[in-house]
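For reference, the structure is listed below as structure tokens.
The values are calculated or read from the model by the stated rules, or taken from the named source; none is laboratory data. Every value quoted in this text rests on a predicted model; they were computed, and no experiment measured them. Heads up, the Cβs are rebuilt from the backbone with ideal geometry, glycines too, and the neighbour counts pull from every protein chain shown. In case anyone asks, the SASA skips ligands and DNA or RNA and just uses the protein heavy atoms, side chains included. Shrake-Rupley method; radii C 1.70, N 1.55, O 1.52, S 1.80 Å.
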Amino acid sequence: MRRLLAGLSIGGALAALALALLRRRIGPLRLRRGLLAAGLAARGGARYAASAPRLFASAGAGREQLRHDLALQTAEDVAATLGAMKGVLMKIGQMASYVDDGLSPAVRRTLSRLQDSVPPMSPELAAGVIEEELGMPPERAFASWDPQPIAAASIGQVHRAITLDGRAVAVKVQYPGIAETIAADLGNVALLRRMLRITAPAQDVDALLAELRDRVLEELDYRREADNQRLMAAYYQGHPTIHIPGIIDGLSTRRVVTSELSDGARFAELAGWPQAERDLAAETIYRFVFRSLYEVHAFNGDPHPGNYLFHGGGRVTFLDFGLVKHFTTAQLQPLMQMARTLCVEQDPEAFRRSMEEAGFLIPGAPLSTETIVEHMAVFYDTIRRPGRLTITGDYASAVVRRFFDVRSPVAEYVSVPRSYVILQRINLGLFALLGDLTATADWRAIAEEIWPFVQAPPSTPMGEAEAAWRARRPAAAASLA
């Protein structure tokens, strides 16, 4: 995210893009959104240019304070502009807001507004979508309808309601015109490439853009989101700490999805709970992420902090399944092979071959296996050895820096295949979340419970409760694995 703020502070590149957009025959919506993004960059550039003399003249603590103030002002502008724009550009801002690299707490708090508190649409617009999708205004479709949303995000916003049969529900309503807005964003390929190169310089930007395009277009169809949520709810039904709200079928359509209403503490509140509670919540999130990957073969591609509700004792409700990546067995096999060869078999040469076979490493790269393992080891440090380990914010930042380190001798020979782009985003987001919680656990022991090639016995009380749940699950639910 520091790179995003730095990039936005240099307005020349995007200002040039704005002129290019004006010279081309493009639609007014695409032009308007491109100019808004270019204006964001230009304001950042002007802000830093105006402060350059003071930065040059200052020293020590005074200079650091000035830099902090400039970063905070830029973050405010980013949050306000991308939050109002919504769509793909806001989604990129969300991505950057929780995978940071050394931001101050104040800047992170400002950017975190993109997670769940952006400007909503008007009650009248939301009611119009309900009427179009359900065939009647919300006051008739529901016994009770709250016109004020409880959350607003990049594609839609959520309202409380009571169904005609008395169930409390959360109703997610898609913004009218958001499909056209996203089409305009995806059409601004040059703009997206620039933004993605700032936030993910070490990745194949074209592959990242293609994957982002597919996942975001899928997210526009709430029927797909409802299917994803049903899949997860069926698999985790009765789980001791993981809860997925059920879908209300008769009130879910292409642009409206209705599910059981859940309440609980937000991530910012969890950060103030006792460390033991934070550790339990972190263990649940970890188990959810990797059980979903290895057993459901599905991965929630949008795991920012706004998508969790916390209830104490490790119980977590997981929200928002619009951006889910499904994996085939063939796609998962290389990931398991890499973890097995490095962490279990401790065979560096086999690990290198696994990376090559998966497409992460160019075959025959002129690098020693020791160099490759040293570069990649930071991603596996939590699970290479048994024993309790605290994941700190410094460690999470180190993982991010290593992932984005274009100066490493390994960088020109490694890439993230398109199939795994979203997976890497989740991994980085997971480390950022666990680092925020300074979460402690024996992550290797928990991983061994979940790894299909180990399936070790429970290592924690939560693991014992989970094993009991797995033993009593109905055959139909178990068959999803």
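Points to keep in mind about this one:
- The set of residues from the stretch 445-470 being over 23 Å from Thr390 (Cα atoms) and among the aromatic types (Phe, Trp, Tyr) comprises Phe453, Trp469.
- Summed over the stretch 138-169, residues that are hydrophobic (A, V, I, L, M, F, W, C), surrounded by 14 or more Cβ atoms within 10 Å (Cβ to Cβ) and more than 21 Å from the chain's Cα centre (by Cα) total 6.
- The single condition among (1) open to solvent by 20 Å² or more (accessible area, probe 1.4 Å); (2) without any contact (Cβ under 8 Å) to a residue 40 or more places away in the chain; (3) not aliphatic (A, V, I, L, M) that Tyr380 does not satisfy is (2).
- For the residues Ile446, Ile422, the requirement of being modelled with pLDDT of 90 or more, under 26 Å from the mean Cα position of the chain (by Cα) and either small (Gly, Ala, Ser) or at negative phi (or both) singles out Ile446.
- Only one of the numbered conditions (1) modelled with pLDDT of 95 or more; (2) not in a helix (DSSP H, G or I) is violated by Gly272, and that is (1).
- Checking each residue in the stretch 383-397 for being assigned to a loop (DSSP other than H, G, I, E, B) and either in contact with a strand residue (DSSP E or B) (Cβ under 6 Å, 6 or more places away or on another chain) or not polar (S, T, N, Q) (or both) picks out Ile383, Arg384, Arg385, Pro386, Gly387, Arg388, Ile391.
- If you filter the stretch 422-448 down to residues that are of a type in the set (D, E, K, R) and either closer than 21 Å to Ala268 by Cβ or free of Cβ contacts under 8 Å to residues at least 24 places away in the same chain (or both), you find that the one that is most open to solvent (accessible area, probe 1.4 Å) is Asp436.
- Residue match in the stretch 305-317 (condition: open to solvent by 50 Å² or more (accessible area, probe 1.4 Å) and without any contact (Cβ under 8 Å) to a residue 12 or more places away in the chain): no
- Some residue of the stretch 172-194 being at pLDDT 95 or above and among the hydroxyl-bearing types (Ser, Thr, Tyr): no
- Test: Phe351 is surrounded by 19 or more Cβ atoms within 10 Å (Cβ to Cβ), at pLDDT 90 or above and assigned to a loop (DSSP other than H, G, I, E, B): no
- Residue check for Val410: in contact with a Leu (Cβ under 8 Å, 6 or more places away or on another chain), touching a residue at least 60 places away in the same chain (Cβ under 8 Å) and more than 20 Å from Ala447 (Cα to Cα): no
- Residues located in the stretch 361-377, provided they are within 25 Å of the chain's Cα centre (by Cα) and surrounded by fewer than 16 Cβ atoms within 10 Å (Cβ to Cβ): Ala377
- Residues within the stretch 322-348 that are closer than 22 Å to Thr284 by Cβ and touching a strand residue (DSSP E or B) at 6+ places or on another chain (Cβ under 6 Å), tallied: 2
- Yes/no for Val421 being over 20 Å from Gly314 (Cβ atoms) and in contact with a Leu (Cβ under 6 Å, 6 or more places away or on another chain): yes
- Any hit, the stretch 259-266, residues being assigned to a helix (DSSP H, G or I) and surrounded by fewer than 20 Cβ atoms within 10 Å (Cβ to Cβ): no
- Those residues of the stretch 430-472 which are touching a Leu at 6+ places or on another chain (Cβ under 8 Å) and of a type in the set (Ser, Thr, Tyr), in sequence order: Thr440
- Criterion: under 18 Å from Gly359 (Cβ atoms) and surrounded by fewer than 20 Cβ atoms within 10 Å (Cβ to Cβ) - qualifying residue of Ser397, Ser419: Ser419
- Qualifying residue in the stretch 279-297 (condition: in a loop (DSSP other than H, G, I, E, B) and touching a residue at least 24 places away in the same chain (Cβ under 8 Å)): yes
- Which listed residue is closer than 22 Å to Glu466 by Cα, of a type in the set (D, E, K, R) and under 17 Å from the mean Cα position of the chain (by Cα), from Arg287, Arg315: Arg287
- Per-region count, the stretch 231-258, residues farther than 20 Å from Ile155 by Cα and in a helix (DSSP H, G or I): 8
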